[in-house]
Structure formats: structure tokens, C-alpha cells
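The values are calculated or read from the model by the stated rules, or taken from the named source; none is laboratory data. Quick caveat: nothing in here was measured; it's all calculated off a predicted structure. Here Cβ is always computed from backbone atoms with ideal geometry, including for glycine, and neighbour counts include all displayed protein chains.
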């Protein structure tokens, strides 16, 4: 059994995220977070209800799509809230694909004028997109369909919000808005021992109470342990892959003694490191689709790895 040095759960674990935002008794936490996130949108959300994933479509592909959280407001607005723990190839494609489900979910049989309610796909990321690394101060991206010439919003009912949490570096003293406080709580929850005065508001006090590990029953502790172990293993695997890939690539490049050799060496090093990552993921029982997305390997390469194990 784990010996927890942290007082509060890690919200970037599957269990921790759903404990805070995905349980009926804690629905007010998600409601407050969404209202702060979208306060400049179409007005305050008064209530939300969770929608079960299994209601999304009838095909085999549909049933493979499982959102972290899927909910609806009293006005019919749809919200997909996803937590992404590690960098994944085509993650933006994935969020666009996910947005098609609440679109199709609104289709009506018979006569229908195609009127849709707003859809929000919200991604809380524990990583930074490579193309965003040159903007260390910008951690929030709001995306809508816009006209490329005028940059004016062409269609305002489909919104994607990406939060690159590693970029959020505000201290307690720098928290000026309620949204800042939410991001600070999510970013630093495992490091907090005593609740800062600025977070002693009713909604945040409840969040800390929900997240306090000492209040979990044995079954909840076991579930959190399992989720935390997966999160740590994933982080360690990815960190090791990055480090070994770079080091191995440099060594090979130096041996070849040419710029071309260094470039090819790094590529070979990264591929070998990703092979090691894939082997660990296969052993851990992860799905092929997830392994391919996170490592960038081809189906043929993954098949060869599985045959060799």
C-alpha cells in the first residue's frame, strides 16, 4: 500500500479528476469551474447534469469513445471536459472528433431545422504542445470557427478551450481572479499542506475536503492508489524515453562524426526509446490505439514488438 506524503489527491490522475469534478455530490465544483472558464460566453450556467458515455451512438466505434466528463446545462449546452496526462499525437484531431458526438446527439428524427445548441470541448493538459513552447506566458487557447481574412468568428456554437497547465506559474500572491484560483488549485493541489487564505472561499474549501486523502474509505484509497500508480508509471516512462532518446541519439551522432549522423542518430535514438516505451505499455495491458497515439509507432512496428515479447 502507498504511503501518501501528499495531503490531497493528484487531480491529474483519472480518479482524482473524477473525484473532484465527476461525482454527483460534487457537481457544484464543476459548475463553478465552468462558469469561471466561460464567464465571457453566453451567460451564467445555472445547473448541469452528467450524460452517460454509453448514450453516445450505436456503432462499435462510437462505443469506444469514452469522455472523461460529458455534461449538459439547463439551456441544452453540451460540455466535454477531458484531462490529458501525457503528450499524444493528433490530440487536437481527437478533440475535434469528440466534438462530433454531441453534434450528432442533437439530431432529431423527422422534420428538423438543424438548429444546434452550443458545444464546448475543454481540454486540461498536463503538457505543452510543441508549437506553443515559444509562448511561455500563454496557457489558455480559445478556438472557434473564424473567417481567415477578417479573423471574425464565423460560427460561435463550437468552442474548443485548451489549458496548458505546466505554463501556469502564478503564485498565491498573484491570484487576482476566481479562475486563477481554480488553476492554482489544480496545478498545486498535491503540494498544499495548509489552505492559503486566498482560497478559503466556500467552493474551494469544499474542493479541499473532497480531495483530502485521509477522508477516503479503504476502497477509495485502493482506487486512488491504482490510478496514481498508472499516472506515475506513465510520467516516468515518458521522461525516461525523452532522456534516453536524446542521449542515445547524441552518442550515435558523435560516433558518425557528421551532422547528418547526429540527426539520424537522434531519430534512431528516439525510435529505440519509443520501442522501449511501447514494450512497457504492452506489458501493462494498454490498448493498441493508445500505444500508437502516444509513441508514434506504426501498427507494423507494434505488431513486431508484441511478437518479440
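On inspection, residue 90 passes the criterion of being at pLDDT below 90, more than 30 Å from residue 180 (Cβ to Cβ) and not assigned by TED's automatic domain parsing to the domain that holds residue 235.
Within the stretch 202-223, restricting attention to residues that are out of contact with any strand residue (DSSP E or B) (no Cβ under 7 Å at 6 or more places or on another chain) and closer than 17 Å to residue 182 by Cα, which residue is surrounded by the fewest Cβ atoms within 10 Å (Cβ to Cβ)? Full working, then the answer.
So the first thing to find is which residues in the stretch 202-223 are out of contact with any strand residue (DSSP E or B) (no Cβ under 7 Å at 6 or more places or on another chain), and the list is 202-207, 209-210, 214-223.
Right, trim to closer than 17 Å to residue 182 by Cα and you get 202-207, 209-210.
On the way: 202: 9, 203: 17, 204: 20, 205: 12, 206: 16, 207: 27, 209: 11, 210: 18.
Among those that are out of contact with any strand residue (DSSP E or B) (no Cβ under 7 Å at 6 or more places or on another chain) and closer than 17 Å to residue 182 by Cα, it is 202.
On inspection, residue 166 does not qualify as outside any strand (DSSP E or B), in contact (Cβ under 8 Å) with a residue 24 or more places away in the chain, buried (at least 17 other Cβ atoms within 10 Å of the Cβ) and out of contact with any helix residue (DSSP H, G or I) (no Cβ under 7 Å at 6 or more places or on another chain). Against the conditions (1) within 30 Å of residue 274 (Cα to Cα); (2) in contact with a helix residue (DSSP H, G or I) (Cβ under 8 Å, 6 or more places away or on another chain); (3) modelled with pLDDT under 95, where does residue 187 fall short? Just the number, please. (3) is the only condition that residue 187 fails. When the stretch 190-201 is filtered for residues that are crowded, with 17+ Cβ neighbours inside 10 Å and out of contact with any helix residue (DSSP H, G or I) (no Cβ under 7 Å at 6 or more places or on another chain), the ones remaining, listed by number, are 190, 192. Pairing each residue of the stretch 288-302 that is exposed (fewer than 14 other Cβ atoms within 10 Å of the Cβ) with any residue that is at pLDDT 75 or above, provided the two are 6+ apart or on different chains, yields C-beta distances under 7 Å for 299/292. Annotation note: of 114, 155, the sole residue that is touching a strand residue (DSSP E or B) at 6+ places or on another chain (Cβ under 7 Å), exposed (fewer than 14 other Cβ atoms within 10 Å of the Cβ) and in the same structural domain as residue 101 (by TED's automatic domain parsing) is 155. Note on the stretch 288-309: among residues that are modelled with pLDDT of 80 or more and outside any helix (DSSP H, G or I), the one that is farthest from residue 85 (Cα to Cα) is 298. A single member of 261, 285, 243 is at positive phi, surrounded by fewer than 17 Cβ atoms within 10 Å (Cβ to Cβ) and either part of a helix (DSSP H, G or I) or modelled with pLDDT of 65 or more (or both), and it is 285. Take residue 96 and decide whether it is part of a helix (DSSP H, G or I), in contact with a strand residue (DSSP E or B) (Cβ under 9 Å, 6 or more places away or on another chain) and closer than 20 Å to residue 164 by Cα. Criteria met by residue 96. Total residues in the stretch 196-221 satisfying the condition of being in a helix (DSSP H, G or I), over 18 Å from residue 11 (Cβ atoms) and free of Cβ contacts under 8 Å to residues at least 24 places away in the same chain: the figure is 4. Say whether the condition of being loosely packed, with under 13 Cβ neighbours inside 10 Å, under 27 Å from residue 231 (Cβ atoms) and modelled with pLDDT under 90 is met by at least one residue in the stretch 71-86. The answer is no, given that none of the residues of the stretch 71-86 is loosely packed, with under 13 Cβ neighbours inside 10 Å, under 27 Å from residue 231 (Cβ atoms) and modelled with pLDDT under 90.
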